[in-house]
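Each remark here refers to the structure printed beneath this line.
The values are calculated or read from the model by the stated rules, or taken from the named source; none is laboratory data. Model, not experiment: these values are computed from the prediction. Neighbour counts run over all protein chains shown; Cβ positions are idealised from the backbone, glycine included.
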Amino acid sequence: MSAPQSPLRRGLRRFVRRRSAAVACTLLSLLAASALFGPILLGDAVARQDLALGAAPPSWSHPFGTDLLGRDAFARVLDGARLSLGVSAAATLLSLLIGVPYGALAGYLGGRIDAAMMRLVDVLYGLPSVLFVLLLMAWFGRDPALGLPLLFVGLGAFSWLTTARLVRGLVLSLRERDFVASAQISGAGPWAIVLGHLIPQTTGPVLALATLTMPRVLVEEAFLSFLGLGVGAPRASWGTLIGYGMESFREHPWLVLFPGLVLAATLAALYSAGDALRDAFDPRELAR
């Protein structure tokens, strides 16, 4: 008789069986591969200017057309994927690195410590996070050395709050289990129990939340870049490309259409994968 599978393994098996998850993961894999290798294969096409081809419509040689300076729009969209996806992934990772141990420790310790830690979360929830990021980027973001790190730090600075709340709720339901009591009897300290026993049990739901957090961060990054508060030249994210294209949208709509479509497809794939993960790790489904 085979050993029972862990909740994480059972959840992942349910996830990969979903057709929507397969489609979303395939699209996301293609986008990630394009972001990593596309600009390398295209060489200097990202920055090469040809004023004679300025604002040329889509063609076989330039599938997404060219911008006002004659730069290939397809190459710039691929290069923008590096920045947009990289910043959103880094900010989401930062939210996990802060929110998971914070919420797990609060849930495990309980009592007044838990109350104090969660009151801090409630206070930060009441602050205008977008305004904080706007001020941060407006004040420091023009420094080329600080722009990119500040962008994902600013975007991740408030994203961990939801993660902390989720993990705390999960740990509150787990800390009375037998495996926690066994670890306590064996002499394990709070951090050893939290890191070695409780956090691994929350992997599935946290993974689902991260997949739903990334598109929100991606939209915030695009919004900041659209306003001109993203990472400065020569890099251009999808939001920056859309912002540039809006200046001549009536005459050259393809400069907005193609980066906008790629951004929308990425958001749809991320939300679809997140919904599939959430359903796959639903405790009611795992109990079957």
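Restricted to region 219-242, and to residues that are modelled with pLDDT of 85 or more and either among the aromatic types (Phe, Trp, Tyr) or surrounded by fewer than 21 Cβ atoms within 10 Å (Cβ to Cβ) (or both), which residue is farthest from the chain's Cα centre (by Cα)?
TRP238
Considering region 191-218 alone, what residues qualify as being of a type outside the set (Gly, Ala, Ser) and exposed (fewer than 14 other Cβ atoms within 10 Å of the Cβ)?
Across region 191-218, the qualifying residues are TRP191, PRO200.
With ALA55, ALA35 as the choices, which residue is in contact with a helix residue (DSSP H, G or I) (Cβ under 9 Å, 6 or more places away or on another chain), within 21 Å of LEU270 (Cβ to Cβ), among the hydrophobic types (A, V, I, L, M, F, W, C) and modelled with pLDDT of 75 or more?
On inspection, the qualifying residue turns out to be ALA35.
So, of the residues in region 157-200 that are in a helix (DSSP H, G or I), among the hydroxyl-bearing types (Ser, Thr, Tyr) and more than 21 Å from the chain's Cα centre (by Cα), which turns out to be farthest from GLY126 (Cα to Cα)?
For region 157-200, the residue satisfying everything is SER182.
Give just the number: which of (1) surrounded by fewer than 16 Cβ atoms within 10 Å (Cβ to Cβ); (2) farther than 21 Å from SER237 by Cα does ARG14 not satisfy?
Status for ARG14: all satisfied but (1).
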